[in-house]
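What follows is calculated from the coordinates using simple rules that are stated; it is not laboratory data. None of the values given here were measured: they were computed from a predicted structure. Here the Cβ positions follow ideal geometry from the backbone for every residue, glycine too, while neighbour counts run over all protein chains shown.
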């Protein structure tokens, strides 16, 4: 009897597309980044412009940086280094058709930290609070306590997490108390990062090392006795 082979869905990394999709098409219509984008677009940022010099090199647009920070915070990302990476790796930060969030801009972590620590100062906290309150009152966002193995996490860590979903509107004063704790945690992350050295530049891995690793993996996978039968059945 002929051996039966598993059936897989098409997978071809070299497949060409007549009309490649826009990033805008990859972001769901009701995604949180669209909500943050629309809210920030409706805010007058004229007061922030006074914090910028009129001479010298151009700066990243404050509207873009504000979107990155607010969306990052409500996505539980407070590290400027992680926000920097998100602007390069996440379609929600990169932005669809140059319209959302970072809009194909790649600010580094120093730029992000300077913006929230110098340009915005106390303004970011107020804007962040108002955006969260609006989303929470509309039932789009909730704040939940974080538990690890059934126990609340340590008091000096962030014990709250934002959850995007249809939620029951929460008491405004309760949200403000939760936001105060989240803000203190975010500021502690920013302060701690100021003392960290810049990570070393990535060193390109040679093709020889990659091939050597591939050969070793193929050798291990080729030994049937080393593969769990249940795991193999799932492959």
Sorted by average packing, counted as other Cβ atoms within 10 angstrom per residue and highest first, what order do 185-194, 31-40, 11-20 take?
31-40, 185-194, 11-20
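Stretched out fully, how many nm does the piece from residue 8 to residue 118 gain, at 0.36 nm a residue minus the Cα gap? Present the calculation step by step, with values, prior to reporting the outcome.
Details: separation 110, 0.36 × 110 = 39.60 nm, distance 5.32 nm.
That pair, residue 8 and residue 118, stretches by 34.3 nm at full extension.
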Separation in nanometres of the label points that stand 7 Å from Cα toward Cβ, at residue 55 and residue 220
6.1 nm
